[in-house]
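Taking it in order: structure first as structure tokens, then the write-up.
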Amino acid sequence: MGWRLVLSSLSLVSSAAAAFSLTEQTFQGRPAWVLENGILRVAVLKSGGHIAEVRQTTGEAHRDINPMRVPHYPTIDPHTYDDARDNSRYGDDPHRWLSSGYMGHLLCFPAYGPPSSPEEVAAGLGNHGEAPIVQWRKIGGGAHGDTITLRYTAELVKTQYRVERTVTMQRMLPWVRVEESIENLLPFDRPVQWMQHATFGPPFVEPGKSLLRISAKRGHRNAELPEGESPSERMMPAETPAGSYTALLMDSSREYQFFTLTHPQYPVTIGYLFPTSTNPWAADWQENRRAQQKPWDGKVIARGIEFGTSPYAEGLKSAVSRGTLFNTPTFRWIAARQTLRTEFIVFMSEKHVRNAQWVNQQVVIDTDP
């Protein structure tokens, strides 16, 4: 295969005029930290910690498209949610807290899917856990030589965890590395679900044109995938309205897994790399104007590629009850006072990428002819 550094796949702008900075700005009207390294711009929301924007900065609109999902409805900082004020817009189900601020890539922790009981809902715990709806704070970062970093953290007061991320970009390289840790603040072992939920949206995601390539070996959608349906190369169907969720078991022979998403009308591939040791599972979630509840209202087009500890967004109790799928655990344990770590790398290319690896701290890709 024709492997090469992903750096050569981008049309680079002049470093003399390029921004190289970590600043505080707003994105879609919400407070954010923004990192720029000369060819990429990344925006991280302070409330929820979501990675809301990852895009090139060439000055050409079709190259500078943000693949991440930005909802069609106005969002708010979810930690400020007030039922009396906000339920009329976002609904009154347990998804409302997340829906109010959901944008781009979010962390699902310590649960993935719905809360496990009415008591959890009464405590203010909704879909995908506490991490994506609390306020995060900056604890370090800045530009040092050819490196920009952002360190930010959140205290999960209700579930008693601490989460932390370090976002790193190198000058003029088309990728961003995110190192993440979770710390159990309690003196006993606990089961957790720990999932990254990278969500992409229009215009980059379009039914019938959105192609996923992923290093998955098997798929499950209430049963083994039917013969002829590939777990590793997946086109989003054009049928409308429609939606699906497919659990994907990753290739255990690889040290790092990958996926890429493309649209034929844009010279942009967005891709991810992540270690197999902490991410045995991924999922391909597709939504095409099917969901009618507030605030989706039958208008949402989105594709979420989720990866981590669990095959299904079924909630922690159900994941523990399931135990395994394809002889692979569907949750993991965190020991008393333990800190666990993982990472993922987000990269962009102007070529369509069919395989990617993380080699010697570099993104290496294999592109279509």
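Give me a count of the residues in the range 26-61 that are more than 18 Å from residue 102 (Cβ to Cβ) and outside any strand (DSSP E or B).
Result for the range 26-61: 7.
Aromatic (Phe, Trp, Tyr) and surrounded by fewer than 20 Cβ atoms within 10 Å (Cβ to Cβ): is that true of residue 188 in this structure?
The answer is yes for residue 188.
So which strands (runs of 3 or more DSSP E) stay within the range 223-281 end to end and still have 1 or more residues that are surrounded by fewer than 18 Cβ atoms within 10 Å (Cβ to Cβ)?
In the range 223-281, 233-235, 242-250, 269-275 are the strands (runs of 3 or more DSSP E) which contain 1 or more residues that are surrounded by fewer than 18 Cβ atoms within 10 Å (Cβ to Cβ).
Residue-wise test of (1) touching a Leu at 6+ places or on another chain (Cβ under 9 Å); (2) over 27 Å from residue 172 (Cβ atoms); (3) without any contact (Cβ under 8 Å) to a residue 40 or more places away in the chain; (4) of a type in the set (Phe, Trp, Tyr).
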residue	(1), (2), (3), (4)
32	yes, no, yes, no
49	yes, no, no, no
64	no, no, yes, no
70	no, no, no, no
74	no, yes, no, no
79	no, yes, no, no
82	no, yes, yes, no
85	no, yes, yes, no
91	no, yes, no, no
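So in the range 308-343, with the set limited to residues that are touching a His at 6+ places or on another chain (Cβ under 9 Å) and over 26 Å from residue 240 (Cα atoms), which one is surrounded by the fewest Cβ atoms within 10 Å (Cβ to Cβ)?
Looking at residues that are touching a His at 6+ places or on another chain (Cβ under 9 Å) and over 26 Å from residue 240 (Cα atoms), I get 326.
Checking the conditions here, which among 286, 292 is closer than 30 Å to residue 89 by Cα, surrounded by fewer than 15 Cβ atoms within 10 Å (Cβ to Cβ) and either of a type in the set (S, T, N, Q) or without any contact (Cβ under 8 Å) to a residue 40 or more places away in the chain (or both)?
None of the others qualify; the one that does is 292.
Go through 116, 100 for me and flag whichever is polar (S, T, N, Q), touching a residue at least 12 places away in the same chain (Cβ under 8 Å) and part of a loop (DSSP other than H, G, I, E, B).
One residue alone meets the criteria, 116.
Take the range 327-369 and flag every residue that is among the aliphatic types (A, V, I, L, M), out of contact with any Phe, Trp or Tyr (no Cβ under 8 Å at 6 or more places or on another chain) and either part of a loop (DSSP other than H, G, I, E, B) or at positive phi (or both).
335
Show the residue pairs that are 6+ apart or on different chains and have beta-carbon atoms under 7 Å apart, the first residue being within the range 254-272 and within 15 Å of residue 201 (Cα to Cα) and of a type in the set (Asp, Glu), the second being modelled with pLDDT under 95 and outside any loop (DSSP other than H, G, I, E, B).
none
The values are calculated or read from the model by the stated rules, or taken from the named source; none is laboratory data. Since the model is a prediction, treat every value here as computed from it, not as a measurement. So basically every Cβ, Gly included, is an ideal-geometry build from the backbone, and we count neighbours across all protein chains shown.
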